[in-house]
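K.L.:
So that we are looking at the same thing, I have put the structure below in structure tokens.
The numbers here are math on the coordinates, done by the rules we state, and not lab data. Owing to the predicted nature of the structure, the values given are computational and were not obtained by experimental measurement. Every residue, glycine as well, gets a Cβ built from its backbone with ideal geometry; the counts of neighbours run over all protein chains shown.
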Ligand code: PMV
């Protein structure tokens, strides 16, 4: 009997991945950049157990048993096994996999990124595989390949749809920009209505904006963002982050039928951030939204206290944080 437990954090993209060249292998149509959060806040925890006496493969997510055969979890297990030393005695034993997130699952908060990164890391430890883990995590969920590393991470689209060079690599460590903070505002913790794989494919086939973005916007933005991170230029970092989030959601609207991830509270948060930045006379807070209404706000430590108190004033915490009805009908905040 062998058992491995791992934890992996979420990553929040500042240049978004949206659209696949190869849906099976999750090869993206554009490069992306993200920051990986520290492991003490939002993370997935996965235990992989194997024994010669296990009768079948089984998988639990947040305490509920899920289908295993034919899923992306199964594909990751097959990929790790196929690349591992075939003389390992436990290579063919069945597995029991238990995964949980300490934050809302599938609510547009990168739960699949943390979940698959964690699974692949644990499988790698179980089967003594160190190389190629990023490309295997990518097969589970594209953005998972970025959660294999801490700090600032670039995921390259690779040179062709057949290639295995679509991998993530770190571009700066967590210590490089120690003043950076991320504030996550959970607007709604329900599961997203448009799963990202289906929505991305709809965007690729129906939006013209997505192809313009991949070809003419992202390559330039990646260079600018890389430089902004290396030089710790928060103003530039914030401007690109917000523009890129907005363009991603514009593509969602340009998709037919459209997918709406942001709601009125998300829009109120966007207005508040712009009003606060105007008031400060420069970009000191940056918002970014994934495939859901929840806001991820990047800022530097000196801004955190004042901005958090404004957030608490404008959006007072409900008594029951799961009561999403609370937020309905909220009016836009006034400019300070
Ligand atoms: O990895 P997926 O299939 O969950 O897609 C993630 C897509 C976004 O979160 C919207 C953007 C990103 O780069 O993380």
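K.L.:
Between the stretch 115-183 and the stretch 15-77, what is the C-alpha centre distance in whole Å?
P.N.:
The stretch 115-183 and the stretch 15-77 have Cα centres spaced 12 Å from each other.
K.L.:
Please report the spacing between the Cα centers of the stretch 94-110 and the stretch 219-259 in Å, no decimals.
P.N.:
Cα centroid to Cα centroid, the span is 27 Å.
K.L.:
Let me ask something else about it. Evaluate the distance, in nm, between pseudo-label points positioned 7 Å from the Cα of residue 75 and of residue 39 along their respective Cα→Cβ axes.
P.N.:
Each label point lies 7 Å from its Cα, and together they span 2.7 nm.
K.L.:
While we're looking at this one, here's another question. Once the Cα atoms of helix 264-280 and of the chain are each reduced to a long axis, what angle between those two axes, in degrees from 0 to 90 to the nearest 10, is obtained?
P.N.:
The helix 264-280 is inclined about 60 degrees to the chain.
K.L.:
Largest first, please: the extent of the C-alpha atoms of the stretch 2-173 along each principal axis, to the nearest Å.
P.N.:
46, 34, 28
K.L.:
If neighbour count is taken as other Cβ atoms inside 10 Å, put 288, 87 in order from fewest to most.
P.N.:
With the fewest neighbours first, 288, 87 line up as 87, 288.
K.L.:
Measure off 7 Å from each Cα along the Cα-to-Cβ vector at residue 100 and residue 208, then give the distance between these two points in nanometres to one decimal.
P.N.:
According to this spin-label approximation, the distance is 5.1 nm.
K.L.:
Take the Cα atoms of the stretch 77-122, build their convex hull, and give its volume per residue in Å³.
P.N.:
Taking only Cα atoms, the stretch 77-122 has a hull volume of 83 Å³ per residue.
K.L.:
Here is a further query. Just rank 290, 31, fewest to most, by other beta-carbon atoms within 10 angstrom.
P.N.:
31, 290
K.L.:
Provide Rg and Dmax in Å for the stretch 113-204, with only Cα atoms included in the calculation.
P.N.:
15.3, 40
K.L.:
Just to be sure I understand: if I project the alpha-carbon convex hull of the stretch 180-327 onto a plane and average over all orientations, what area do I get in nm²?
P.N.:
9.5 nm²
K.L.:
Still on this structure, I have one more. Have a look at the chain and give its Rg and Dmax from the Cα atoms, expressed in angstrom.
P.N.:
20.2, 66
K.L.:
Right, next: Work out how much length residue 197 to residue 274 would gain on full extension: take 0.36 nm times their residue separation and subtract the Cα-Cα distance, in nm to one decimal.
P.N.:
24.6 nm
K.L.:
What shape does the stretch 265-319 have by the C-alpha gyration tensor, where a ≥ b ≥ c are the square roots of the eigenvalues, rounded means a/c under 1.5, and otherwise prolate means a/b greater than b/c and oblate the rest?
P.N.:
oblate
K.L.:
Using only alpha carbon positions, build the gyration tensor of the stretch 135-264, then give the equivalent ellipsoid semi-axes as the square roots of 5 times its eigenvalues, largest first, whole angstrom.
P.N.:
25, 20, 17
K.L.:
Right, something else. I want to verify a result. In a Gaussian network model of the chain, Cα cutoff 10 Å, which of these has the top mean-square fluctuation: 228, 291, 13?
P.N.:
Result for the chain, Cα springs under 10 Å: 228 fluctuates most.
K.L.:
If you build a Gaussian network model of the chain, linking Cα atoms that sit under 10 Å apart, which residue out of 170, 195, 293 swings the most?
P.N.:
Its mean-square fluctuation being the largest, the pick is 195.
K.L.:
Can you bin every Cα-Cα distance in the stretch 211-285 into 5 Å intervals starting at zero and give me the percent of pairs per bin, rounded to whole numbers?
P.N.:
3, 14, 20, 20, 19, 16, 6, 1, 0
K.L.:
Could you work out [θ]222 nm for the chain from helices alone, using -39500 (n - 2.57) per DSSP H run of at least four and dividing by all its residues? Round to the nearest 500 deg cm²/dmol.
P.N.:
Per the formula, -11000 deg cm²/dmol.
K.L.:
Treat the count of other C-beta atoms within 10 Å as a stand-in for reagent exposure and order 27, 210, 198 from fewest to most.
P.N.:
Values: 27 22, 210 25, 198 11.
Arranged by neighbour count, lowest to highest, 27, 210, 198 become 198, 27, 210.
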